[in-house]
1. Put +1 on the Cβ of each Lys and Arg and -1 on the Cβ of each Asp and Glu in the chain; which of 39, 210, 52 then has its Cα farthest toward the positive end of the dipole?
2. Keeping all protein chains in place, calculate the accessible area per residue for the stretch 215-258 (probe 1.4 angstrom), answer in Å².
3. Over all directions, what mean area does the Cα convex hull of the stretch 59-125 project, stated in square nanometres?
4. List the residues, sorted by chain then number, that are 5 or more residues from residue 160 or on another chain and whose placed amide H is less than 5 Å from its amide H.
5. Could you sort 173, 43 by their accessible area in this structure, using a 1.4 Å probe and putting the largest first?
6. Kindly write out, for the stretch 18-23 in residue order, the coupling ³J(HN,Hα) from the Karplus curve 6.51 cos²θ - 1.76 cosθ + 1.60 (θ = phi - 60°), rounded to whole Hz, with x marking Gly and Pro.
7. Name the long-range amide H neighbours of residue 100: under 5 Å, sequence gap of 5 or more, or other chain; modelled H, no Pro or chain starts.
8. Which links in 29/160; 120/215; 119/259 stretch past 23 Å when you go from one Cα to the other?
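The values are calculated or read from the model by the stated rules, or taken from the named source; none is laboratory data. No experiment lies behind these values; they were computed from the predicted model shown. Glycine gets a Cβ as well: all are built from the backbone with ideal geometry, and neighbour counts include every protein chain shown. Just so you know, the surface numbers come from the protein's heavy atoms only, side chains and all, with ligands and any DNA or RNA stripped out. Shrake-Rupley method; radii C 1.70, N 1.55, O 1.52, S 1.80 Å.
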Amino acid sequence: MRFVRKIIQFIVDTPIEKDKILMGRYQVKAVLGIGSYGMVYECIDLLNDTRVAVKQLRPSKRKKQLEIDRFTEEIHMLRLLGNHSSIPKLLESFQEEGHWFYVMEFIDGENLESLLFDKKLVFTRQEALLLIRQLVSIVDYLHNHSIYHGDLRIPNILMKNDVPVLIDFGLACRLIDSRKNNDKEKSKQREILTQDDYYDLGDILLFLLYSTYPKKNRKALSWIEELSLPATTTNLLRRLLGIDERYANVEEIFHDLDKAILEGNVHDTHEQILL
Ligand SMILES: Nc1ncnc2c1ncn2[C@@H]1O[C@H](COP(=O)(O)OP(=O)(O)OP(=O)(O)O)[C@@H](O)[C@H]1O
């Protein structure tokens, strides 16, 4: 039964054909990605001849209220986040022939996952820490809007001219002030969501740091043994990942990050002299 459902879903979820025009203005040029609940297309906005990205709720989910709610909440969050250079700008949303879409700024960049694994891009420790610093600041912007990304992963970070852009707010969550929850419950929830995003930043940092690690002779060692990092970077990672006392706020992260960036500097120079 599940197999039959999958086949039907596969047929229903065929992407829109190339050159089709949506809303009389967005001409589909390519499929950028097909995720678990959305499909993203590169389109040309015929009104002003610019590239845009159009996300469609998977056709197989378009009648499920829960999925529609999630999709409209994603749109709402992008609208709230508005004008940040590291978040795609929401341009409009619409329904056509019973399908749900939103249009956003097209980010002409490549995601961190393909840069690391296909292009084999290497980040020095300091470059890795500086990139994480940029990401922490974006995440702080989200949290200040009571929005928690919930899915900070290397495929969801597009690099455009060395600047990271955060995409895919499909699993993001917004904490709304409601009378249903009391203050204690709300702050507990806030704490959990914040720590989840901090943990993911630690995980991304590990991916970046491993880019310089030689893959040969890899034994089953922990990242602490494999990477042999300066103490400040290890401390930062241990706290982001919740191995040691978790960070209470973003200022504490910035404090440790800046220390690690400086120590990285001294360490790298020392290594260069030794070479
Ligand atoms: N604004 C954008 N500009 C350019 N490319 C984009 C943009 N948004 C998304 N993409 C591309 O489309 C792909 C799919 O986007 P996204 O992750 O938002 O879709 P999704 O359907 O929610 O995926 P998943 O189900 O995996 O979360 C991305 O990996 C990225 O390559």
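1. Positive-most Cα among the choices belongs to 39.
2. Averaged over the residues of the stretch 215-258, the accessible area is 59 Å².
3. 7.0 nm²
4. Answer set, sorted by chain and number: 165.
5. 173, 43
6. Along the stretch 18-23, the couplings run 4, 6, 5, 9, 9, 6 Hz.
7. 57
8. Checking Cα-Cα distances, 119/259 exceed 23 Å.
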